[in-house]
Amino acid sequence: MGNFEQFIGSFSFDGRLVEVDIICSIAHVRMLVKTKIINALEGKKIIAGLESILKDLKKGWKIPKEEDIHFAVEKELIRRIGLIGGKMHTARSRNDQVATDLRLYIKYAIKTIDKLLNNFQKILVKKASDNIDVVMPGFTHLQPAQPILAAHHILAYAQMMQRDKERLEDCYKRVDVLPLGSAALAGTSFKIDRQYSAKLLGFRSVSENSLDGVSDRDFAIEFVFCMSVISLHLTRFCEEIILWMNPEFNYITIDDKFTSGSSIMPQKRNPDCAEVIRGKSGRIFGDLIALLTIVKSLPLAYNRDLQEDKIPVFDAFDNVKMCLKVMNEMIETLKFIKENTLKSTEKGFIAATEIADYLAIQNVPFRTAHGIVKDIVLYCKKYSKTLNGLSIEEFNKFSQLFKKDIFKYLDAKNIADMKVSYGSTSKKSIIRQIGNIKRKLT
Ligand code: ARG
């Protein structure tokens, strides 16, 4: 094969479609036999030939290079069974063939990612259950805001993974449409049975318009978008792992095998795995932009530009799969340093909102209460005190409404548990969240 042929071809990157390509051809041939477009004996020979190729591939044999994987399979078939192998391509084109192959592959990819997400949720739920008594500061603007349970934080990610699963499930519906039988662009004069092909290949429906059938790549774009959002969620979690491992926080440890030392600074443990997962988002988002750009402005129907679609699809799939596998293992080893997260709740006056609520319950307009507590915080800062280091006399300088029970409102664990609204951070709410998410796991 010359350089030019190699340049316009896709053999260097579509090889992984070989299995789905053969499966697609076997179904097509069975349909051709059923509709009497080819006779049963011919069909049998072709299918036996295709199956022998599959068998050899499974043993590690490599198919000889051609312009693309579809030509490679066809040429190999003809090599094995003679010119009759060429009948396989009756009533179809590589255009509807490649669109079908890619859909079959993405269906498999969705199932693979779905399993990993589900497993990740199980790990998160277990982590949340095991750490139900760990209190930590919750942040807004990355500033200490209000105390929360670490389990609440962990379960927020389980919710993201739930949406990721649902997004994939929805995407699957649009992947699950068979374009085979659209032929090159106009359909075919042969009396084929597309419903039968769909049944054999496990597609829910067949495409309605042959032009759209061969040129649509929305399903691939949606899939890579789904990969991008998963990657995005992972970057947020990884960012927090990196922060929490920083000695300034010192909230967690993860197994050493997910970190590395520095070649020059002996004291360091770098959170490399989390950083790499965070960094992979660059190429995964890039895959989405690449795919959008490939399809942008293409006139109907098939254009060779579309051949490039496979590179971003495979890249996004491979990298998200890898990231999820590493993330699953890494989070399994995550341990909270309970004393440190608790100690951290004493910084940053995170009981302030609670004190304002304490006054508001006693009919002080919330805005006024907010002002009073702001003054208390300023007083604490001036005299280097913490809120629960104040005496009742000091509180009363700011308002006579403070009684001894105010101290109950200064304890981080109590504060978290006082949150009664649905979806809040209290232990009761966490137990409910765990129950609800568990029901959605497979
Ligand atoms: N290798 C091509 C692709 O991946 C297959 C379809 C080629 N069709 C064509 N008319 N040249 O898209």
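The numbers here are math on the coordinates, done by the rules we state, and not lab data. Keep in mind that this is a model prediction, so the values were computed, not measured. Here the Cβ is made from the backbone with ideal geometry for all residues, glycine too, and neighbour counts use every protein chain on show.
Key figures for this structure:
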| item | result |
| --- | --- |
| Residue count, segment 85-110 (criterion: touching a Leu at 6+ places or on another chain (Cβ under 9 Å) and either away from the ligand (no atom under 16 Å from the Cβ) or not in a helix (DSSP H, G or I) (or both)) | 8 |
| Total residues in segment 207-226, condition within 15 Å of the ligand (Cβ to nearest atom) and of a type in the set (Val, Ile, Thr) | 1 |
| Subset of segment 174-206 that is part of a strand (DSSP E or B) and without any contact (Cβ under 8 Å) to a residue 40 or more places away in the chain - its residue that is farthest from the ligand (Cβ to nearest atom) | Ser205 |
| Residue ID - surrounded by the fewest Cβ atoms within 10 Å (Cβ to Cβ), chosen from residues in segment 232-254 that are among the polar types (S, T, N, Q) and in contact with a helix residue (DSSP H, G or I) (Cβ under 6 Å, 6 or more places away or on another chain) | Asn250 |
| Segment 8-29, residues that are charged (D, E, K, R) and within 11 Å of the ligand (Cβ to nearest atom) | Asp14, Asp21 |
| Every pair of residues 6+ apart whose Cβ atoms lie under 8 Å, when the first sits in segment 298-320 and is within 14 Å of Ser10 (Cα to Cα) and in contact (Cβ under 8 Å) with a residue 12 or more places away in the chain while the second is within 13 Å of the ligand (Cβ to nearest atom) and not in a helix (DSSP H, G or I) | Leu306/Arg217; Leu306/Leu298; Gln307/Ser10; Gln307/Asp68; Asp309/Arg217; Lys310/Ser10 |
| Criterion (over 14 Å from the mean Cα position of the chain (by Cα) and under 17 Å from Val276 (Cα atoms)) met by exactly one of Glu208, Glu239, Glu248 | Glu239 |
| Residue in segment 393-411 that is without any contact (Cβ under 8 Å) to a residue 24 or more places away in the chain, in a loop (DSSP other than H, G, I, E, B), among the hydroxyl-bearing types (Ser, Thr, Tyr) and out of contact with any Lys or Arg (no Cβ under 7 Å at 6 or more places or on another chain) present | no |
| Checking Ser231 against (1) hydroxyl-bearing (Ser, Thr, Tyr); (2) closer than 18 Å to Ile113 by Cα; (3) within 16 Å of the ligand (Cβ to nearest atom), the condition it does not meet | (3) |
| Selection count where residues are within 12 Å of the ligand (Cβ to nearest atom) and farther than 13 Å from Val20 by Cα, scope segment 55-73 | 5 |
| Filtered residue count, segment 124-143, keeping only those that are surrounded by fewer than 19 Cβ atoms within 10 Å (Cβ to Cβ) and not hydroxyl-bearing (Ser, Thr, Tyr) | 9 |
| Enumeration of residues in segment 349-389 that are under 19 Å from Pro147 (Cα atoms), among the aromatic types (Phe, Trp, Tyr) and without any contact (Cβ under 8 Å) to a residue 60 or more places away in the chain | Tyr358 |
